[in-house]
1. What is the extension gain from residue 226 to residue 107, computed as 0.36 nm multiplied by their sequence separation minus the C-alpha to C-alpha distance, in nm to one decimal?
2. Can you tell me how much longer the chain between residue 66 and residue 164 gets when fully stretched, taken as 0.36 nm per residue apart minus their C-alpha distance, in nm with one decimal?
3. Does the range 62-119 come out rounded, prolate or oblate, given a ≥ b ≥ c as the square roots of the eigenvalues of its C-alpha gyration tensor, rounded meaning a/c under 1.5 and, failing that, prolate meaning a/b above b/c?
4. Full extension from residue 306 to residue 217: what is 0.36 nm times the residue separation minus their Cα-Cα distance, to one decimal in nm?
5. Which pairs, out of 144/212; 107/230; 81/144; 41/92; 37/144; 41/81, put more than 23 Å between their alpha-carbon atoms?
6. Shape verdict for the range 308-362, please, from the Cα gyration tensor: rounded (a/c under 1.5), prolate (a/b greater than b/c) or oblate.
7. Which of the peptides 225-231, 206-212, 74-80 is most tightly packed, and how do the rest follow, going by the mean number of other Cβ atoms within 10 Å of each residue?
8. Just check the range 103-223 against the gyration tensor rule for me: Cα atoms, a ≥ b ≥ c as the square roots of the eigenvalues, rounded for a/c under 1.5, and otherwise prolate or oblate depending on whether a/b exceeds b/c.
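Computed from the coordinates by the stated procedures, all read-outs in this text should not be read as laboratory data. Bear in mind that the values here come from a model prediction, so they are computed numbers and not experimental data. All Cβ positions, glycine included, derive from the backbone under ideal geometry; neighbour counts span all protein chains shown.
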Amino acid sequence: MGLFDKIKGELIDIVQWLDDSRDTIVWRFPRYENEIKMGAKLVVRESQVAVFVNEGQIADAYLPGTYTLETQNMPILSTLKGWKYGFHSPFKAEVYFVNTRQFTDMKWGTPNPVIVRDPEFGMVRLRAFGAYSMRVVDAPKLLKELVGTDPQFRTEEVSEYLRQMIVGRLGNALATARIPMLDLAAHQDRIGMQLAGVLSEDLSEYGIHIAKFIIENISVPPEVEAMLDKRTSMGIAGNLDQYTKFQTANAIQDAANNPGGGASEGIGLGVGLAVGQQIAASLGGAGQAPAPAATPAGPPPLPPQEQWYVGVGGQQQGPFDRGALAAQVRSGGLTAGTLVWKQGMAQWVPAQQVSELADILGSVPPPLPPQ
């Protein structure tokens, strides 16, 4: 450094920041032990705030405009320095310029799926991504809580923290919205506005405001997409019988256009016969007599007969069908007081109490009167 540069750097006449980047949030004026001359010009451009820091303490903040640095317009710094009266000597202070414009190139996404409960599909895993814009609304808070002594604070230093907050809030926003998964695309703007408000409230302690939150896409895992595509295809196909016939006709045409030998010919022949039968069945009433109905092979099998059990002398006998029961009545083995039972009855009862056996018991004549 030459003598002229050293003398020139001792006193700073103009304090300003010409931002030539698109991602710098905070920039510290390069003092390098140089002093700021009392009466120097401070130029704060639109979308900027200048904050003076003295020995680690935040002092005065200046909105856009041009200022002459004097004790009367530096009240907090004057108090910290102990300037009770007019002071015109050079002083040392750190000057931070804070960019208050909107940063619109902020991206976000979910590295892992967010699990939500859908009223139609149950528990589903959703992924989402999009963009958002942020701006600084309280420069002193930002310096105190996030920047510290960083001479150049960029968006990349805060983007990961913001992304984590977004992912943490996204699941709750989707769950409380109570919107079916298939209708989320129609409500992305409303969910984005809701998230912007919640995130701005969370970030207010850092002096950051989320001006716009955009959800570009909400998607499900690939296997769920495949199932949804099948479901959509079934809905478009409509009548599955007609769709099957259409697919079969296409298969015949493909086989005819690609004669590949025995295997394809056999497949084509089998498909052709099946389609021919379907077409013949569908065209049976168009100028042709219908095919005769198939002759039944024989009568259906007889229903199974009831099986009865008889209790005689404390012993179970049977099973007997109705013909065998009639023989028992004729032989005297079954009387009106004999206990009987069949499947479905709760307990053994006298035969005379069973209405189904009345005709069998009544077919036997009473005993002859005595002579």
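1. On the way: separation 119, 0.36 × 119 = 42.84 nm, distance 2.78 nm.
Between residue 226 and residue 107, full extension yields 40.1 nm more.
2. Values: separation 98, 0.36 × 98 = 35.28 nm, distance 3.91 nm.
Extending this stretch completely gives an extra 31.4 nm.
3. On the way: a/c = 4.54, a/b = 3.48, b/c = 1.30.
Prolate is the answer for the range 62-119, as a/c is 1.5 or above and a/b outweighs b/c.
4. Numbers: separation 89, 0.36 × 89 = 32.04 nm, distance 7.03 nm.
Going from the current span to full extension adds 25.0 nm.
5. Values: 144/212 25 Å; 107/230 33 Å; 81/144 20 Å; 41/92 15 Å; 37/144 26 Å; 41/81 20 Å.
144/212; 107/230; 37/144, as the Cα separations exceed 23 Å there.
6. Values: a/c = 1.35, a/b = 1.14, b/c = 1.19.
Cα axes put the range 308-362 in the rounded bin.
7. Working: 225-231: 11.3, 206-212: 19.1, 74-80: 17.4.
Highest-to-lowest ranking by the protection proxy: 206-212, 74-80, 225-231.
8. Working: a/c = 2.64, a/b = 2.24, b/c = 1.18.
Here the range 103-223 falls in the prolate category.
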